Amino acid sequence: MSKKRDLMYITAGMVLTGIGLARLAKQEKKGKEADENEKEQILKQIKAPVFPDRELNVVHYGADPKGIELSTKAIQSAIDDANRLKGGRVLIPKGTFLTGALELKSNVELHLHNNAYVMFSQNPKHYLPLVLTRYEGIELYNYSPLIYAHQAENIAITGNGTLDGRGDDHHWWPWKYGTNGQPSQERDRQLLFDMAEKRMPVEERIFGEGHYLRSSFIQPYQCQHVLIEGVTVKDSPMWQIHPVLSQNVIVRHVKVIGHGPNTDGVNPESCQNVLIEDCYFDNGDDCIAIKSGRNEDGRRIGIPSENIVIRRNEMRDGHGGVTIGSEISGGVRHVYAEDNMMDSPNLDRALRIKTNSVRGGIIEHIYFKNNTVKSVKHEVVCIDMMYEEGDAGPHRPVVRHIEVEGLKSNGGQYGVKIAAYPHSPVTHFKMKDCVIENVSYPLSLEHAVSPSFQQVIINGEQVNQ
């Protein structure tokens, strides 16, 4: 097969042609200015919380800096006092501390000393009582996340210490598959999915003891003005930083590390005005995954994730660098992922959008700009409507206005892979000024209407106009 024929494989749709250069340049300039203005407006709305100049040291409340005795009550008492005093900093000083579930409350900053190491108990009983949470996009009452906040505002986790969830092959992680003689989550997972499809009241979706659904690590639930900065977060039972139904969230200068099953890095779900910047990710699942609820429960709540800026992050292992889905039934819009660096042979994809006709939802106005992918395993850019159930439901997914610009990438199987439906093609997909090297299959486009490629070089060949 000639290099020319090898360059492209398009099963539906055409490359954009026939637009005058002057008209096209004018349209692009206007569109770029609008996008930049919208992004800047989003950033202006996202402000870090400010706290009173008051410090409460958890050791003064009886916390054990040697990590032998459980310090949950001491740390929680300091948080509760700071909240009652209308705000302040709760200091975890130098030392090793063992704790169970913590609840962060309004106007409280939990600050870790550089040499603070917080270990979370591996005993599920230490994550009771049950709290309102989400599991894979569905509301329920379950074990508390390791650090939880509910309807709080002006909260923060800061400092350069380490939060260790202590998930491993013998604790939490075996629940995924039922390994090492432990029960599997599968029965409870299906039970929860069935409850949601039947619209069973959330108050009756009671899990926890006797059930095996893993919790997230850090979860602000229905919160406002959230800052997570500086800390290292590692080895969560499941998703690591998981804001839900929250607004004005900043995740900055955080290291998120964990190679267990579903140990995604940062998963904003049904959140608005989110900034994720200057972080390091090395994960067993997606580095960043934007979500908005699963299936009937996602449609019931119906709140999209929107106005999200992801910039200057470093991403190593993971299923996807920037992922949208698959719990996406509430929709996602206005995502700006810029100036990120991805580099690992164990990173499956750089930009990944995953949905299907059981999920539904509208995914639109996604901007992937000036990102560098030094190595990747599978697809560089992937839009997949055949994920999991595929085209097996009545909820037509909509994916439109996806723009990739200034991408530099090396390696992988596919440069761009789109798998959509004839009755729901991807529209307004655009790539500009991109260089993709050393992929096995440059393009595979199923049901993409008039995709636009401008100055796109794949394996040394320019994609035809």
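Please list, ordered by residue number, the strands (runs of 3 or more DSSP E) wholly in segment 312-354 having 3 or more residues that are more than 15 Å from the chain's Cα centre (by Cα).
It comes to 341-343.
Annotation note: of I310, I324, I290, I353, the sole residue that is without any contact (Cβ under 8 Å) to a residue 40 or more places away in the chain, of a type in the set (A, V, I, L, M), surrounded by 21 or more Cβ atoms within 10 Å (Cβ to Cβ) and under 19 Å from K369 (Cα atoms) is I310. Summed over segment 372-404, residues that are buried (at least 21 other Cβ atoms within 10 Å of the Cβ) and either in a strand (DSSP E or B) or charged (D, E, K, R) (or both) total 10. Total residues in segment 281-326 satisfying the condition of being closer than 13 Å to V266 by Cα and either of a type in the set (A, V, I, L, M, F, W, C) or in contact with a helix residue (DSSP H, G or I) (Cβ under 8 Å, 6 or more places away or on another chain) (or both): the figure is 11.
Per-residue answers, yes or no, for (1) farther than 23 Å from P220 by Cα; (2) touching a residue at least 60 places away in the same chain (Cβ under 8 Å):
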position	(1), (2)
D35	yes, yes
I68	yes, no
A82	no, no
T96	yes, no
L104	no, yes
E109	no, yes
H113	no, no
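Would you please name the residue that is surrounded by the fewest Cβ atoms within 10 Å (Cβ to Cβ), looking only at residues in segment 134-167 that are part of a strand (DSSP E or B) and of a type in the set (D, E)?
Residues of segment 134-167 that are part of a strand (DSSP E or B), as a first pass: 134-135, 138-142, 147-150, 153-159, 162-164.
If we keep only those that are of a type in the set (D, E) too, we end up with 139, 153, 164.
Working: E139: 25, E153: 18, D164: 20.
So the residue we want is E153.
Of the residues contained in segment 105-116, none is found to be of a type in the set (A, V, I, L, M), at pLDDT 95 or above and either surrounded by fewer than 22 Cβ atoms within 10 Å (Cβ to Cβ) or out of contact with any strand residue (DSSP E or B) (no Cβ under 9 Å at 6 or more places or on another chain) (or both).
If the condition is being more than 18 Å from C382 (Cβ to Cβ) and surrounded by 16 or more Cβ atoms within 10 Å (Cβ to Cβ), then segment 416-434 contributes only K432.
Close contacts from segment 213-227, counting a first residue that is on the phi > 0 side of the Ramachandran plot and in a loop (DSSP other than H, G, I, E, B) and a second that is crowded, with 24+ Cβ neighbours inside 10 Å and not hydrophobic (A, V, I, L, M, F, W, C), with Cβ to Cβ under 9 Å and a gap of 6+ residues or different chains, come to Q222/S246.
The values are calculated or read from the model by the stated rules, or taken from the named source; none is laboratory data. Please read all numbers here as calculations on a predicted model, not as lab measurements. Ideal geometry is used to build each Cβ from the backbone, glycine not excepted, and the neighbour counts take in all protein chains shown.
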